[in-house]
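The block underneath contains the structure these notes are about, expressed in structure tokens.
The values are calculated or read from the model by the stated rules, or taken from the named source; none is laboratory data. Fair warning: this is a prediction, and the values are worked out from it, not measured in the lab. Methodologically, a virtual Cβ is constructed for each residue, glycine included, from the backbone with ideal geometry; neighbour enumeration extends over all protein chains shown. When the accessible area is computed, the model is the full protein with side chains, heavy atoms only, and any ligands, DNA or RNA have been set aside. Shrake-Rupley method; radii C 1.70, N 1.55, O 1.52, S 1.80 Å.
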Amino acid sequence: MYNTKAYSATSATSPLSSTKIERRDPTEHDVQIEILFCGICHSDLHSVRNEWSSIMSTVYPIVPGHEIVGRVTKVGSAVTKYKPGDLAAVGCLVDSDGTCPNCKAGLENFCPNQILTFGSPDKHLGGVTYGGYSDSVVVDERFVLRVPSNLDLPGVAPLLCAGITTYSPLRHWGVTKGKKVGVVGLGGLGHMGVKFARAFGAHVVVFTTSPNKKEDALRLGADEVVVSRNADEMQKHTGSFDFILDTISADHDINAYLNLLTRDGNITLVGAPAKPLDVSAFSLIMGRRSLSGSNIGGIAETQEMLDFCGEHNITADVEVIPIQKVNEAYERLLKSDVKYRFCIDMASLKSE
């Protein structure tokens, strides 16, 4: 084992602060990575404050962070894909059982025995896994990803969560040139959905409650912007969408969007409202429409997404902060006061 610097919270009400944690020495299949940048995901905040206790209760101390970009510093004797000096990334998963039907299908994100980057049982050291708000991390080679060298590294970090969360359903539902795609909400997830849908060649329409977001939506690649509170604007698009990506985590009228789908159209939820959505059966039945959900993606698809980003020069829009401002960033996140993701420059941790 070795010690490394990190930021952790010791309770649901305590701020994140500087600490030291233990990491395992690399085994024969492990890759050790110096963390250069780590994105801040809203799920970091939920976990730190134990707001998902009904699903997964937080174990303290917690070191969050699952949008990790860094450089390989050491590899185990059996590692074949990476060498010291390589750029590498780690997303939401660091292990799975490898034997279940989901793993065999390359969908480790649905493995019932998946090990999350932070907050899951640590089979090596005991306790729970610690995430990317730290100097370094050690991960099994199977869960390490290659980073295209042409991309801006701070903007790569959110691709490991926000990127794959939006890329995966767009790919699964066959978004290509000639399709009409809606993106509901223009935040951390929505802005990535716009970039990907545009790169796939779709006609992209952003739905927002904020008229002042129109200019930014067009800058990001939207062809049209609809203010969802305007009934006339919504009515013009009735029955015309092949696919809609719904990124909203607040309560909203899902039927208003179901009615915009064409026959066999689909809405996929990637936002997670706290309350159940009220779905009208007739909104589905009348057009053989479907409503589905999606989380992240498997390791192979996440690598595919990163390679796609390299080819199309896609990164997240980020505000880079030192780790000393992480608590302030959490408060701003609650107010949606960021365009569109925070990313921590982990060099700032070295001064602690």
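Filtering ASP97, ASP135 for residues that are of a type outside the set (Gly, Ala, Ser), in contact with a strand residue (DSSP E or B) (Cβ under 8 Å, 6 or more places away or on another chain) and under 26 Å from MET1 (Cα atoms) leaves a single hit, ASP135.
Yes or no: LEU284 of a type outside the set (D, E, K, R) and more than 29 Å from ASP216 (Cα to Cα)? Answer is yes for this residue.
In the range 31-85, the residue that is nearest to CYS161 (Cα to Cα) out of those that are among the charged types (D, E, K, R) and surrounded by 22 or more Cβ atoms within 10 Å (Cβ to Cβ) is GLU67.
Restricting the search to strands (runs of 3 or more DSSP E) fully inside the range 214-305 and requiring at least 3 residues that are open to solvent by 70 Å² or more (accessible area, probe 1.4 Å) gives an empty result. Assess whether CYS103 counts as being crowded, with 18+ Cβ neighbours inside 10 Å, free of Cβ contacts under 8 Å to residues at least 60 places away in the same chain and over 18 Å from the mean Cα position of the chain (by Cα). Answer is yes for this residue. Give the residue that is most open to solvent (accessible area, probe 1.4 Å), with candidates limited to residues of the range 153-185 that are closer than 21 Å to VAL204 by Cα and part of a loop (DSSP other than H, G, I, E, B). Filtering the range 153-185 for residues that are closer than 21 Å to VAL204 by Cα and part of a loop (DSSP other than H, G, I, E, B), the one most open to solvent (accessible area, probe 1.4 Å) comes out as LYS177.
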